[in-house]
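Student: The structure's right below; bear with me while I get my questions together.
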Amino acid sequence: MGELTTFPVSYKVEGQRIVIVGGGEEALNKARLAIKTTALVVIISRTFEVDFSGLPVTLLPRGFEPADLVGAALVFVADHGPDGAAAKVAARAAKIPLNVVDVPEECDFYTPAIIDRAPITIAVASEGDAPVLARLIRARIEAALSPNLGAMARLAGSMRDKVAALLQGPRARRYYEELVTSPEVEAELIRGQGMPKAEALLAQHVENGESPGVVWLIGAGPGAEDLLTLRAQRLLQEADVIVHDHLVPAAAVEMGRRDAERILVGKQKGHHSFTQAEINGLIVRLAKQGKRVARLKGGDPMVFGRAGEEIDALNAAGIAYHVVPGVTAALAAAADTATPVTLRKISTGFVLATAHGAESEELRHWAALASAGLTLALYMGKSVAGQTAARLIAEGAGADIPVGVVVRAGRRDRVLYRGTLGSLASGDAALEDGPAIIFVGEAIAHGDWSGAIEIARSQFKVA
């Protein structure tokens, strides 16, 4: 995710002037935007080439004068002649934010595409790079929003003093969340009866007392934030606390509410910042405080995510929980390589296993499954890849069974390797850093491994 070169803010202009220098189509477009505010909009031009009639603006049919900027909050220059040049110099001298239309490098600020549901305003900005794209995005968002959004916001604002006197902290936030998302309140709002409904809902929240805490065990997927489910995104917005692992992408964590507490508890090989027992105790303690806790895990929480231990702790403490599935790394790796891990007449099944610490009996079972055509997906086995492959062969798996390795599955910087069980067994593969999925099985040959690095004997450190 790239860094912003601008900081998005809402700028106060009430009681001040917005000055537009220019009399053409560009000036008209800026005027239509400026009149949505309570500022006095002043347009200065020697010649007005378009019709400004019908707009609540002040037209000054003359050249620009520096005194025109007295009391100005913002200046737009849509004149590329001497008046525009003079206005730019005067605005910079007076330290008034300046927008030079269609010249991004001279702008102090940019005008976003705006969705107006006053007092709610949604702005889509591209830092001047792609205004057409910003307008298209605005149109999509606007089509999805209720026309009653502004009225709902005003209703919520009118309840602030009453809510502040009766509810605090998370309880107040939960009231507002229910208020603004309630179809019943919106229906009453349309009929002009929103306030009684809002007050009845407030009384209900006061009567119910402190809400019990809850823990959501959420799968964050393999590392690309756009692989999160819609449910995961919604719950992240509702969470009071986000407890997350190292493998969870920062962009996924940032999908949470801005004021949500974020706690990193991830365990990396050789660097365990929290023990599992400490994590269990943490999420129980937070939930007992009445908080809604998003326990955000890489991949799927139920696949090598130790969610079972956390569920046991929550059950023992009487804490409510819900599991939100995520895309596990093996499925992301299969998608990255278009590998059909189950394939008619080739592979009748798909086994997820961890190679780390595997016992001989498990390896014997895996070898039989791979020889029978099933596809193995081995997690956490990169450091013992060669050793595991050699043991599988020793237990009866064929050395010519196809092998594929995906490092950092589901991410843009993923790396692919392919070979056979025999080539993998020849030593310790020089695989790149990052979590890896090792596929073993005949189905691997039917995937798209173009661009993969061949696993050859020359790549290994042979003892």
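The values are calculated or read from the model by the stated rules, or taken from the named source; none is laboratory data. Since the structure is predicted, the reported quantities are computational estimates derived from the model, not experimental observations. Every residue, glycine as well, gets a Cβ built from its backbone with ideal geometry; the counts of neighbours run over all protein chains shown.
Student: For the subset of region 1-45 comprising residues that are surrounded by fewer than 16 Cβ atoms within 10 Å (Cβ to Cβ) and of a type in the set (D, E), which member is farthest from F109 (Cα to Cα)?
Tutor: Among those that are surrounded by fewer than 16 Cβ atoms within 10 Å (Cβ to Cβ) and of a type in the set (D, E), it is E25.
Student: Just checking, how many residues over region 142-163 are outside any helix (DSSP H, G or I) and within 14 Å of I122 (Cα to Cα)?
Tutor: So the first thing to find is which residues in region 142-163 are outside any helix (DSSP H, G or I), and the list is 145-148, 159.
Of the ones still in play, those that are also within 14 Å of I122 (Cα to Cα) are 145-147.
Residues meeting the conditions: 3.
Student: Find the residue count for region 237-260, including only residues that are of a type in the set (A, V, I, L, M) and over 10 Å from the mean Cα position of the chain (by Cα). Give the derivation first.
Tutor: Of the residues in region 237-260, the ones of a type in the set (A, V, I, L, M) are 239, 241-243, 247-248, 250-253, 255, 260.
Retained after the next criterion (residues that are over 10 Å from the mean Cα position of the chain (by Cα)): 239, 241-243, 247-248, 260.
The total comes to 7.
Student: Going by what's in this entry, would D259 be described as modelled with pLDDT under 90, within 17 Å of T328 (Cβ to Cβ) and of a type outside the set (F, W, Y)? Before you say what the answer is, go through the steps one by one.
Tutor: On the way: modelled with pLDDT under 90: yes; within 17 Å of T328 (Cβ to Cβ): no; of a type outside the set (F, W, Y): yes.
It is false that D259 is modelled with pLDDT under 90, within 17 Å of T328 (Cβ to Cβ) and of a type outside the set (F, W, Y).
Student: If I filter region 113-120 for residues that are free of Cβ contacts under 8 Å to residues at least 24 places away in the same chain, closer than 30 Å to I190 by Cα and surrounded by 15 or more Cβ atoms within 10 Å (Cβ to Cβ), do I get at least one hit?
Tutor: Here is the first cut: in region 113-120, the residues free of Cβ contacts under 8 Å to residues at least 24 places away in the same chain are none.
No, the conditions are met nowhere in region 113-120.
Student: Helices (runs of 4 or more DSSP H) wholly in region 164-282 with at least 2 residues that are over 24 Å from P435 (Cβ atoms) - which ones? Spell out how you get there, then give the answer.
Tutor: On the way: elements: 169-181, 183-190, 194-208, 230-238, 250-253.
It comes to 169-181, 183-190, 194-208, 230-238.
Student: Further question on the same structure: In region 264-280, which residue that is out of contact with any Phe, Trp or Tyr (no Cβ under 9 Å at 6 or more places or on another chain) and at pLDDT 90 or above is surrounded by the most Cβ atoms within 10 Å (Cβ to Cβ)? If you could, list the steps in order and put the result at the bottom.
Tutor: Taking region 264-280 and keeping what is out of contact with any Phe, Trp or Tyr (no Cβ under 9 Å at 6 or more places or on another chain), we get 268-280.
Now narrow it down to the ones that are at pLDDT 90 or above: 275-280.
Details: T275: 11, Q276: 14, A277: 10, E278: 11, I279: 22, N280: 20.
Among them, the one singled out is I279.
Student: Do you know which residues across region 154-186 are under 19 Å from A118 (Cα atoms), of a type in the set (A, V, I, L, M) and out of contact with any Lys or Arg (no Cβ under 7 Å at 6 or more places or on another chain)?
Tutor: Within region 154-186, L155, A156, M159, L179, V180 qualify.
Student: Across region 339-351, what is the number of residues that are within 20 Å of R414 (Cα to Cα) and touching a Phe, Trp or Tyr at 6+ places or on another chain (Cβ under 9 Å)? Break it down into steps so the answer makes sense when it comes.
Tutor: Applying the first criterion (within 20 Å of R414 (Cα to Cα)) to region 339-351 yields 339-341.
From the residues that got through so far, the ones that are touching a Phe, Trp or Tyr at 6+ places or on another chain (Cβ under 9 Å) too are 339, 341.
The total comes to 2.
Student: Under the condition of being in a loop (DSSP other than H, G, I, E, B) and over 35 Å from the mean Cα position of the chain (by Cα), which residue from region 1-38 is farthest from A87 (Cα to Cα)? Before you say what the answer is, go through the steps one by one.
Tutor: So the first thing to find is which residues in region 1-38 are in a loop (DSSP other than H, G, I, E, B), and the list is 1-16, 22-24, 35-38.
Applying the additional criterion that residues be over 35 Å from the mean Cα position of the chain (by Cα) yields 15-16, 22-24.
On the way: G15: 21, Q16: 17, G22: 10, G23: 14, G24: 16 Å.
Going through the qualifying residues, I end up with G15.
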